[in-house]
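Please treat every number below as a calculation from the coordinates, not as lab data. These numbers were taken from a predicted model, which means no experiment stands behind them. Here the Cβ is made from the backbone with ideal geometry for all residues, glycine too, and neighbour counts use every protein chain on show.
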Amino acid sequence: MSGSALWRTKSVEQSIKDTDEPGSRLRKNLSAWDLTVFGVAVVIGAGIFTLTARTAGDLAGPSVSLSFVFAAIACGLAALCYAEFASTVPVAGSAYTFSYATFGEFVAWIIGWDLVLEFAVGSAAVSTGWSEYLQTVLAYIFGDGVKTTFALGGLTVNWGALLLVTVLTVLLAVGTKLSSRVSMVITGIKVVIVLFVIFFGLSFIKAANYSPFIPPGETGAGAASTGVDQTVFSWLAGGASSAFGVFGLLAGASLVFFAFIGFDVVATTAEETRDPKRAVPRGIIGSLVIVTILYVAVSFVLTGMVSYKKLASSDSGEHKTLATAFELNNVDWAANVISIGALAGLTTVVMVLMLGQIRVLFAMSRDGLLPRGLSRTGEQGTPVRATILVGGLVAAAATFFPAGKLEEMVNVGTLFAFILVSAGVMMLRRSRPDLERSFRVPALPLIGTLAIVACVWLMLNLTILTWVRFFVWMLIGIVVYFSYGRRNSVLGKHVPVS
C-alpha cells in the first residue's frame, strides 16, 4: 500500500491476498461459459425490448442501428481495458477494486458510488418494468382484471416487483453457481425470442421505411429536445434541438449505451472464477460480441417493419416497444410471444445487476469503507448479509416507487467508470510492468486513449439535466465517504482484514 489520506492505494498483491481471508472467502466455481452467460443475461433485456423502439421513434429514426454501432465501439474499447484489469487483479469489485490499485481510495469510493447508481437503481427500475410485462402476460391468460399493483393507503404497492426481487435474492444467497444455471436457461429462452424477431420480422420489411435513414432535425420533437432536455453537445454546437438529424443520431448512441450496460458485471465475479486470468477476458469480450450482433440486427429489422414515426412516444409519455412493430403489422400472436420473452429477459437482467451490486458492496465493506459485517460469507460461500441488504433495498424501491427515466443517469455514471478503468489500465501497465497479465490490451496506450475519448463523447451527448442529477449524486457520495468511509478504512488504519 502507498500514499496517504485520499490518495492511498491498495496494492494488487494485498487485494489478491485478501481474497483468501477466512470468513470473507468467496467460492470459486464459475467457468468462462458461466461468465459469458452472465454477460449475455444482463445485457439482453430492457435495452433490446423497449429502448430500441423508443430511440428510433424519438431520436434517431432508422439510423438507430448506427447508434448501436457507435455505442458498441465505445463499449468494445472499454471492454478490452476491463479484460486486462480483470486478468491482472482477479478480485471482486470490478472498477472499484481496479481504481483502488491505481488512483487511490477516494477515487475508488467515487467509482463504487457510481456502481451503486448503475446496479442498484437499475435493478429497481427494471424490476418495475418486469412487473408491467407480468401483468400483460397474466392478462393473456386470465383477462384484463389481473393487476400486479394495488393501493395501500396512500401508497401503490407493486407486488409483482416484490415477488421477483424476493425470489432472486434467495437464489443469489444460495449460490452463484445456481444463479448461473438459472440464467443459462432463461437466457436461452430470450435469445430464441430475439432470433425469432430478427428472422420472422424480415418478411415485413419495407424499403420505404428506411428513407430518410437519418431524418432531418426537428425542434420540439422527441424525449430529448430543447432546454435542459437537450444534449450538451448539441447545445454547445448551437443546435436548436437534439431530436433527429446528426444530433439525434449521436444522442441515440448515448441513450442506447444503456442497452450494453452490464457486461462489466462479469468483472465483479472474477474472485469466484476457477481460472479468472483466462475466463474473465473471454466472458467479457464474448458476451459483448454476441449482444452487439443481435442489437444491430434487431434495430435494423424493427425500423424496416414500420415507419419510425409510428414508434414515437405518445404525448402522455407512453413508450413503444419491440412488440409494437408486430402489433402494427397485425401479428398480435407474435407480439404476445415477444412479451413473454421480455418477461424472461428482464428476469436475468435484474438478477445479474443485483449480483454486481452485491459484489461491489462486498469489496467495499471488506476494505472498511462500508460496515465490515457485509463482507462475511456463509456456508455457501456467498455474502449473505450483503445479499439480503441489497435485496431489501431494491425490493423497497421497486415495490413502493414508480420507475422514472433512469437510463441516462445510469449511463453518465457508468461512462465515468469506464473512463477511469481505461486510464487505470494504462497507469498500471507503466507503474507495474512486472505483473502477470494473461490478457493484454493491444496497441496500448492508443486503445485506452480511444476508449476515453469515445466515453467522453457519449457523455457529452447526454442531456444537461442528466449532468445536474449526476453531480448531486456525487455530492451525496462525498458526504458519505468523509462521514464514514475515510474514518473506518482498513487501509487507513493499517490493520489486517479479519
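A few remarks follow.
- In a fully extended conformation the segment linking Phe150 and Val468 would gain 111.1 nm over its present Cα-Cα distance, using 0.36 nm per residue.
- Remark: region 295-307, residue by residue, has Karplus-estimated 3J(HN,Hα) of 5, 4, 5, 5, 5, 5, 5, 4, 6, x, 6, 9, 5 Hz, where x stands for each Gly or Pro and the curve is 6.51 cos²θ - 1.76 cosθ + 1.60 at θ = phi - 60°.
- The distance between label points at Lys493 and Lys17 comes to 1.7 nm (points 7 Å beyond Cα on the Cα→Cβ vector).
- Nearest-0.05 FRET efficiency for Ser211 and Arg430, computed from C-beta distance (R0 45 Å): 0.35
- Sequence ranges 289-299, 429-439, ranked by mean other-Cβ count within 10 angstrom, highest first: 289-299, 429-439
- Filter on Lys190/Lys309; Lys10/Lys190; Lys17/Lys190 - keep pairs with C-alpha separation over 32 Å: Lys10/Lys190; Lys17/Lys190
- As a proxy for reagent exposure, Met427, Met305 were ordered by neighbouring Cβ count within 10 angstrom, fewest first; the result is Met427, Met305.
- Peptide ranges 98-104, 370-376 listed from the most packed, as the mean C-beta count within 10 angstrom indicates: 98-104, 370-376
- Using the Cβ-Cβ distance between Phe401 and Trp33 with R0 = 45 Å, the FRET efficiency computed as 1/(1 + (r/R0)^6) comes to roughly 0.80.
- Applying 1/(1 + (r/R0)^6) with r as the Cβ-Cβ distance of Val246 and Val69 and R0 = 22 angstrom yields a FRET efficiency of 0.90.
- Under 18 Å from a label point set 7 Å out along the Cα-to-Cβ vector of Ser483, the amide N atoms of region 351-380 belong to 369-372.
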